[in-house]
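Undergrad: What follows is a structure written as structure tokens; I'll ask about it next.
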Amino acid sequence: MARAKLTIDLDALCDNWRALDRHSGNAMAGAVVKADGYGLDSGRVAVALAQAGARHFFVALAEEGARVRQAIGEGIPVSVFSGHMAGDAALLRDFELTPMLNSPEQVKRQFDALPAAPFGIQLDSGMNRLGMEAADWAAVRGDVLARDPDLIMSHLACADEPDHEMNAKQLRAFRDMTDDAGVPRSLSATGGILLGPDYRFELTRPGVGLYGGAPFMDAKPVAHLKLPVIQCRDLEAGEAVGYGVTWHTDKPARIATVAAGYADGLIRAMSNRARLFADDVACPLAGRVSMDLLTVDITHLDNDPTWFELLGHNQTVDDVADAAGTIGYEILTSLRSRYERVYTGEYA
Ligand SMILES: *Cc1c(COP(=O)(O)O)cnc(C)c1O
């Protein structure tokens, strides 16, 4: 079989959630399962995390929220970062989703369509991406607070850089807008949790750290990706490998051809830069990533491997991301459907 195998360790996922919940101190850790659970299946991820104790989920879109609600059943809040978009009312109502309202228009839409339904508010504290500006908030705040929102949240732009001046600036702006609101608050994702108690409020929103990514450096690896070898061949000095013959050897070499490529989310920017592991020995990619294939320099190995590990105990999503000039989030959310997916752990 030439299908690569993606094993998702739900025990490691739950351990990462428990660790981030502890790091959240007096705040409760929720869990962000947007983008299909960072590519690992939002339904399965949410079910496991709910069993481990997570009591608040976050998604980007109402459609994602519906899927999570179907997986976890009633009772646990599922909040939607994009808020209440035109056409969302039925989904929000039928799947008991909590929109994080981002503008006075969204506030009006919510109060017109679902006057008695739960909602939250998203404020902009300086990132200028989602949420109400201070002036918008001042204009609607009286009406909004009279209707008892479940949560007021904002998001940090630079939480993965603890010394960045934006962190304290955004904290101040968020507090100025909310200190006397009397509503539970949430400011921090994975990076913000690690900035300390001032940033935690009542609820935190870890995402990437749950799935084994930076800036949560103690994260256990969750995604384990193994790629089968299709064939191995000897090259003579002067030969080259792959599209565009971008890798050359000036001495005899041996190359393994492996069954996965950019159609599986192993992005082309990894070409000639990322490494795979045969047992625990690093082997560099030789040549460009193709759609379905990788070529790997195994000249230094004693035996031809039958499998390589790309993600797992030898190498994190961030190691691969560094080699490809991107971030762990993009490596994770790029993993595609062609893999055989195996879920392991107590709640699998
Ligand atoms: C994606 C996201 C999170 C989770 O962020 P991580 O860095 O993955 O922990 C939290 N809050 C908001 C608003 C987000 O968009």
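Undergrad: Nearest 10 degrees, 0 to 90: what angle lies between the long axis of helix 134-146 and the longest principal axis of the chain (Cα atoms)?
TA: Taking Cα atoms only, the helix is inclined about 60 degrees.
Undergrad: Residue by residue, what Karplus-based ³J(HN,Hα) values in Hz, rounded to whole numbers, does region 267-276 have, using 6.51, -1.76 and 1.60 with θ = phi - 60° and x for Gly and Pro?
TA: Each residue of region 267-276 in turn: 4, 5, 5, 6, 3, 6, 10, 7, 10, 10 Hz.
Undergrad: Work the Kirkwood hydrodynamic radius out for the chain: mean of 1/r over every pair of different alpha-carbon atoms, inverted, in Å.
TA: Details: mean 1/r = 0.0460 Å⁻¹.
Taking the inverse mean of 1/r over all distinct Cα pairs, the chain comes out at 21.7 Å.
Undergrad: Counting only DSSP beta bridges with both residues in the chain, tell me the antiparallel percent, nearest 5. Can you show the working numbers first?
TA: On the way: 26 of 49 bridges.
If we restrict to bridges inside the chain, about 55 percent are antiparallel.
Undergrad: Test of the criteria: in region 49-135, which GluC sites (Glu not before Pro) are in a DSSP loop and have at most 11 other Cβ atoms within 10 angstrom of their Cβ? List each step's numbers first, then the result.
TA: Working: sites: Glu63, Glu64, Glu74, Glu96, Glu105, Glu133; in loops: Glu74, Glu96, Glu133.
Answer by residue number: Glu74.
Undergrad: Now for a separate question. Calculate the dipole size of the chain relative to its Cα centre from +1 charges on Lys and Arg beta carbons and -1 charges on Asp and Glu beta carbons; express the result in debye to the nearest 20. Walk me through the numbers before you get to the answer.
TA: Values: 33 positive and 48 negative charges, 94 e Å.
Roughly 460 debye for the chain.
Undergrad: Right, something else. Return the equivalent ellipsoid semi-axes of region 125-176 as a descending list in whole Å, where each equals the square root of 5 times an eigenvalue of the C-alpha gyration tensor. Could the numbers behind the result be given before it?
TA: Working: eigenvalues 118, 22, 17 Å².
Whole-Å semi-axes of the equivalent ellipsoid: 24, 11, 9.
Undergrad: With axes computed from alpha carbons, what is the tilt in degrees of helix 165-178 against the longest principal axis of the chain, rounded to the nearest 10 within 0 to 90?
TA: 30
Undergrad: For the chain, what does the relative contact order come out to in percent, with C-alpha contacts under 8 Å and a separation of six or more? Intermediate results must be reported in sequence, preceding the final value.
TA: On the way: 784 pairs, mean separation 68.5, N = 348.
Value for the chain: 20 percent.
Undergrad: Also, I was wondering about something else. At most 16 other Cβ atoms within 10 Å plus a DSSP loop assignment makes a site exposed; report the longest stretch of the chain without any exposed trypsin sites (Lys or Arg not before Pro). Each step should come with its number before you reach the end.
TA: Values: sites that count: Arg3, Arg55, Arg129, Arg147, Arg273, Arg336, Arg338.
Looking at the chain, 148-272 is the longest stretch - no exposed trypsin sites (Lys or Arg not before Pro) with at most 16 other Cβ atoms within 10 Å.
Undergrad: Considering amide H positions built from the backbone, and no H for Pro or chain starts, which residues 5 or more places from Leu301, or on another chain, come under 5 Å of its amide H?
TA: The list, which skips near neighbours in sequence, is empty: none.
Undergrad: Right, another one. Would you mind calculating the relative contact order of region 287-348 from Cα pairs under 8 angstrom and at least 6 residues apart, reporting the percent as a whole number?
TA: Values: 23 pairs, mean separation 8.9, N = 62.
Taking the mean separation of contacting Cα pairs over the length of region 287-348, I get 14 percent.
Undergrad: Still on this structure, please answer the following. Give the angle, between 0 and 90 degrees and rounded to the nearest 10, that separates the Cα long axis of helix 10-23 from the longest principal axis of the Cα atoms of the chain.
TA: On a 0 to 90 degree scale, this one is about 50.
Undergrad: Counting pairs of alpha carbon atoms under 8 Å apart in space and at least six apart in sequence, what relative contact order in percent does region 99-257 give? Working shown, then result.
TA: Numbers: 236 pairs, mean separation 22.0, N = 159.
Relative contact order, region 99-257: 14 percent.
Here, each number is a calculation from the coordinates, and none is a lab measurement. Keep in mind the model is a prediction, meaning the values are calculated, not measured. Counting neighbours? That spans all protein chains shown, and the Cβs are built from the backbone with ideal geometry, glycine included.
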